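Each reported figure results from applying straightforward, stated rules to the coordinates on display, with no laboratory input. Computed from a prediction, not measured in an experiment: that's the story for all the values here. Neighbour counts run over all protein chains shown; Cβ positions are idealised from the backbone, glycine included.
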Amino acid sequence: MKILVYYLVYYFQITFIKVSNFYYWSLVFCLSAYFYFPSCSSHKERLSIPVWWGVRLGRTYASIEKLTAEYTEIYKQRKGLPAIELLVQADTTTQLPKINRLSLVYFSHLQKKLQEKQIPYTLILSHDAAHPLFSHSIQMQNWFYEYEQELKQLCQERLKEYPPENFIIGTHFWKIEKEERHWENLINSIKLYYKGNLGYATVPETVGTIRFWGKLDLIGIHHPGGIKGEEKKFARKWHPIVSQIALRHQKPVFITQANLIGENKLQQLQNRIRFWDKEVRIKGIVINNIFAQTALNDTLSQYFGIANDQQLQNYLLELNAVKEGK
């Protein structure tokens, strides 16, 4: 293909030598740009990305029976898989990290239902911005020790029998992301108890500052989407940068908290998956994990739900398609 293009450039140079320099160099520039950006993918080319439908347990009441019915329907219709988010908060007394106990209660019931139906799931540990996660009065070593104990207990008591396919052990714990040694020790410890895909998620702007990607199986991207109205510009700037980091570490990307809210939800989704290098494998994208209900079946909230957005649902079906079945 390149030989043919080079021949065409030569042909135009010889045959149309009298054509103005503007047209000639425009042609050369366009052809050069085509080969200079060979791996830049559009959202139309980014198909076969598993869609994970997120719910956040603990902050609001969750009807486990309703969630189970939703996830069962979604799974049977091949529209995606469950992504369950648990909240991590600082204990009000000790200021040390604790997984929200109400989250754990809901999770245990929902996990049991998913196990009965053999539905795979992703588990994400996140924090609520309204509740501080880290206090400067706590020594870093003590914080990580307590968090490690929380994760060990979670793995031994709740994940051993029916573990998640992907386990994201934190999302944008920005005040402590640079504690490389502590994170590496934590990851090594958790890998003794959990054998699936282990990951951590941060925002695109800080992916390059993290030094423990090599210890993980997934590079998680906590992806709110950028400033409203500038989502495409944000994706064009940051996705190629994150792509190079993922390729350097030879790790797949897992997009979390792709919250499609407000207007133009389809465009919001497309901006999450465009401008990635074609060689980067996107292992999944989590849609709307901010409420205790899946957005797919939400018919009441126009701001959050997408049940009435047929165009977006059709696109998600295409996105979630398995290549072998195409």
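Taken along its three principal axes, the alpha carbon spread of the stretch 187-275 comes to 44, 23, 16 Å, from the longest extent down to the shortest. Annotation: extensible slack from residue 175 through residue 267 equals 30.0 nm (criterion: 0.36 nm per residue apart, minus Cα-Cα distance).
Taking 0.36 nm per residue of sequence separation and removing the Cα-Cα distance, the residue 137/residue 94 pair yields an extension gain of 14.5 nm. On full extension, the segment bounded by residue 162 and residue 311 gains 50.1 nm, given 0.36 nm per residue less the C-alpha separation. Could you work out the local net charge near residue 167, counting Lys and Arg as +1, Asp and Glu as -1, over the other residues with Cβ closer than 11 Å to its Cβ? Every neighbour counted, the sum reads 0.
For the stretch 64-190, the pair-distance distribution built from all alpha carbon pairs, in bins 10 Å wide starting at 0, is 11, 42, 30, 14, 2 percent. As a proxy for reagent exposure, 176, 124, 287, 227 were ordered by neighbouring Cβ count within 10 angstrom, fewest first; the result is 227, 176, 287, 124. Partners of residue 195 within straight-line reach, counting aspartates and glutamates whose Cα lies under 20 Å from its Cα and excluding those fewer than 8 residues away in the same chain: 85, 148, 150, 157, 161, 165, 184, 217.
Here the stretch 183-326 is treated with +1 on each Lys and Arg Cβ and -1 on each Asp and Glu Cβ, and its dipole about the Cα centre works out to around 500 debye. Placing a label point 7 Å from the Cα of residue 145 along the Cα-to-Cβ direction, the residues of the stretch 83-99 with a backbone N closer than 16 Å are 94-98. Cross-link partners of residue 265 among lysines, defined as those whose alpha carbon lies under 19 angstrom from its own and excluding same-chain residues fewer than eight positions apart: 44, 79, 228, 232, 233.
Cα centroid separation, the stretch 279-315 to the stretch 81-132: 20 Å.
What number does the stretch 41-325 give for Rg over Rh if you use C-alpha atoms and the Kirkwood radius?
Ratio value, two decimals: 0.94.
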